[in-house]
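> Here you go, one structure.
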Amino acid sequence: MSSDARLGLLLAIADDELVIGHRLSEWTGWVPYVEEDLAMSSIAQDEIGHARALYEIAATINGGTPDDLALGRAMADYTHAVICERPNRDYAYTAARHYLYDTADAVRLEALTSSTFKELAELVRVLRIEERYHLDHARTWFRRLASGPVEARQRFSDALADALPEAMTIFEPLPDEDALIADGTLPKPGEEMLAAWLDVVGHDLEEVGLERVMEADAEAPVGEVLPTSSGASEVADESPRPLRVPGLERRDGRWVHTAGFSGAGGRSGHHSEDFAPLWEEMTALHRAHPGARW
Amino acid sequence: MTGIEAAVRDALAHVKDPEIPVCTITQLGLVERVDVGDDAVDVTLLPTFVGCPALDEIRIDAERAVAEVAAGRRVTVRFSLEVPWTTDRITEDGREALRTFGIAPPLLQITYPCPNCGSRDTTVEAPFGPTPCRTIRYCNACRNPFEGFKPKKEY
């Protein structure tokens, strides 16, 4: 097994956790009531802590430091799913993404518990215990907003429909997926995890009568991702290809993903216009004072 | 147990959790292993929560405390995930210390007895609290908010 493939897997998950943790931390001090402010801040802290633990394993492979991996890379070297970098918008979108991300993360972590990569499997076993609190929180908001009143239900289902296609790209295959599958580092392909996640989300949506969220984009491919202005220069010899998020279809009582992932997305370092300002803020201290400690 | 190992364990039993200063890391069940060799002491600790910001401080405090009794041996303290830490590892006197600090010890049930008045008429105010390991609860009897240690268990 090339250690590069394992490094790629660790960085993809770590980047997801770091970037969504950074977004959630933006709610600190701004949530309309203090309990929810604590929840957002606490979940953000957990996600960034999880990222740190993953970067620590990654650092043993590439010989760098966790800080350099987390904050010292060029924009196009981050391989998080684009959904993680989107601005928080309103609470409906934040709650919708939180639900979609954490249910997807749960499927991914469950699969990784049987990874042959011992350090990762051990970490994942611990992370799953902690993520349970995030899932409970996400599902509480899912039920609360989905059950109304009308404006809450409307805005929440619109936000879910907006976020769903991009959330599917959490399972966009890594460039080295075949190698990772071959030696058991990744126990399941992205498409298989995506199918399991669609079952979970489809079931939850049907339970609250919001299956239209799954239907909204069944026909036309949506969710075109714009290349970053600065990221494009990092991959100069590759013209940025838009990410097409494919449709969903209902077959035999199940929601299935029908179209494959064409084009390149977050897992190949292609990000949206929303990543540059986030990256600039997140890495500002590290760039201004390399090696700073406190 | 060698004399040095006993001394190391005793030193660790005096290292406090900076966020719960009435509890030692031994009471919280963080100490997983102590290996004393001819020229090295290796201590393995388990993190309560992976994202706990106090981990670095705990590691440095533990290294300092162990170095004092290690008779010149090189001291390494590291956190490991080889076994998941759960709240079952908190000792009885650790639970008592939490209670006196005003934090209800972890239980796998919704209602925790109030650490102030003992009433069982309490509710969860918010599942997330000031640190990753604590939740906010409220006592309907004495009308005080209090904190509870978040239960952590494998499932």
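The values are calculated or read from the model by the stated rules, or taken from the named source; none is laboratory data. The shown structure was predicted, so the numbers you read here are calculated from the model rather than taken from an experiment. Every residue, glycine among them, receives a Cβ derived from its backbone with ideal geometry; neighbour counts consider all protein chains shown.
> Quick check on the stretch B:65-88. Is at least one of its residues touching a Lys or Arg at 6+ places or on another chain (Cβ under 6 Å) and over 27 Å from A:Glu119 (Cα atoms)?
Pass one, the stretch B:65-88, residues touching a Lys or Arg at 6+ places or on another chain (Cβ under 6 Å): B:77, B:84, B:86-87.
If we keep only those that are over 27 Å from A:Glu119 (Cα atoms) too, we end up with none.
Checking the stretch B:65-88: not a single residue is touching a Lys or Arg at 6+ places or on another chain (Cβ under 6 Å) and over 27 Å from A:Glu119 (Cα atoms).
> Next up: Tell me, which residue of the stretch A:6-57 that is hydroxyl-bearing (Ser, Thr, Tyr) and touching a helix residue (DSSP H, G or I) at 6+ places or on another chain (Cβ under 6 Å) is farthest from A:Thr169 (Cα to Cα)? If you could, list the steps in order and put the result at the bottom.
Step one: of the stretch A:6-57, the residues hydroxyl-bearing (Ser, Thr, Tyr) are A:25, A:28, A:33, A:41-42, A:55.
Then keep just the ones that are touching a helix residue (DSSP H, G or I) at 6+ places or on another chain (Cβ under 6 Å); that gives A:25, A:28, A:55.
Numbers: A:Ser25: 23, A:Thr28: 27, A:Tyr55: 21 Å.
So the residue we want is A:Thr28.
> Next question, about the same structure. Of everything in the stretch A:121-151 that's more than 9 Å from chain B (Cβ to nearest Cβ) and in contact with a Lys or Arg (Cβ under 8 Å, 6 or more places away or on another chain), which residue is surrounded by the fewest Cβ atoms within 10 Å (Cβ to Cβ)?
Looking at the filtered set, the residue picked out is A:Ser147.
> Still on this structure, please answer the following. For the stretch B:112-155, what are the residues that are of a type in the set (Gly, Ala, Ser) and within 11 Å of chain A (Cβ to nearest Cβ)? I'd like the intermediate steps shown before the answer.
The first filter runs over the stretch B:112-155 and keeps only residues of a type in the set (Gly, Ala, Ser), leaving B:118-119, B:126, B:129, B:141, B:148.
Within the stretch B:112-155, B:Ala126, B:Gly129 qualify.
> Then there's this: Within the stretch B:67-100, restricting attention to residues that are in contact with a strand residue (DSSP E or B) (Cβ under 7 Å, 6 or more places away or on another chain) and within 14 Å of another protein chain (Cβ to nearest Cβ), which residue is nearest to A:Glu130 (Cα to Cα)?
Just the residues of the stretch B:67-100 that are in contact with a strand residue (DSSP E or B) (Cβ under 7 Å, 6 or more places away or on another chain), to begin with: B:67, B:70, B:73-80, B:83, B:87, B:94, B:97-98, B:100.
Next, only the ones that are within 14 Å of another protein chain (Cβ to nearest Cβ) stay: B:78-80, B:83, B:87.
Values: B:Arg78: 21, B:Phe79: 17, B:Ser80: 16, B:Val83: 14, B:Thr87: 12 Å.
That would be B:Thr87.
> What about B:Pro113, is it assigned to a loop (DSSP other than H, G, I, E, B), outside the structural domain of B:Asp17 (by TED's automatic domain parsing) and farther than 28 Å from A:Leu123 by Cα?
On the way: assigned to a loop (DSSP other than H, G, I, E, B): yes; outside the structural domain of B:Asp17 (by TED's automatic domain parsing): yes; farther than 28 Å from A:Leu123 by Cα: yes.
Yes; evaluated as a whole, the condition is true for this residue.
> A follow-up question, please. So which pairs qualify, if the first residue must be in the stretch A:269-294 and at positive phi, the second must be among the acidic types (Asp, Glu) and surrounded by 11 or more Cβ atoms within 10 Å (Cβ to Cβ), the Cβ gap must be under 9 Å, and the two must be at least 6 apart or on different chains?
Short answer, once both residue conditions are applied: A:Gly269/A:Asp77; A:Gly269/A:Glu234; A:Gly291/A:Asp67.
> A further question on this structure: Taking the condition within 14 Å of chain A (Cβ to nearest Cβ) and of a type in the set (A, V, I, L, M), does B:Ala54 pass? Give the derivation first.
On the way: within 14 Å of chain A (Cβ to nearest Cβ): yes; of a type in the set (A, V, I, L, M): yes.
In short, yes.
> Looking only at the stretch B:126-151, count how many residues are at pLDDT below 90, of a type in the set (A, V, I, L, M, F, W, C) and part of a loop (DSSP other than H, G, I, E, B).
Of the residues in that region, 1 qualify.
> Every residue in the stretch B:31-46 that is within 14 Å of chain A (Cβ to nearest Cβ) and either crowded, with 21+ Cβ neighbours inside 10 Å or out of contact with any strand residue (DSSP E or B) (no Cβ under 9 Å at 6 or more places or on another chain) (or both), please. Working first, answer last.
Going residue by residue through the stretch B:31-46, those that are within 14 Å of chain A (Cβ to nearest Cβ) are B:32, B:44-46.
Answer for the stretch B:31-46, where residues must be within 14 Å of chain A (Cβ to nearest Cβ) and either crowded, with 21+ Cβ neighbours inside 10 Å or out of contact with any strand residue (DSSP E or B) (no Cβ under 9 Å at 6 or more places or on another chain) (or both): B:Leu45, B:Leu46.
> Right, another one. Among (1) outside the structural domain of B:Ala126 (by TED's automatic domain parsing); (2) under 30 Å from A:Thr113 (Cα atoms); (3) at pLDDT below 95; (4) not in a helix (DSSP H, G or I), there is one condition B:Asp42 misses while meeting the rest; what is its number?
Among (1) outside the structural domain of B:Ala126 (by TED's automatic domain parsing); (2) under 30 Å from A:Thr113 (Cα atoms); (3) at pLDDT below 95; (4) not in a helix (DSSP H, G or I), B:Asp42 violates only (3).
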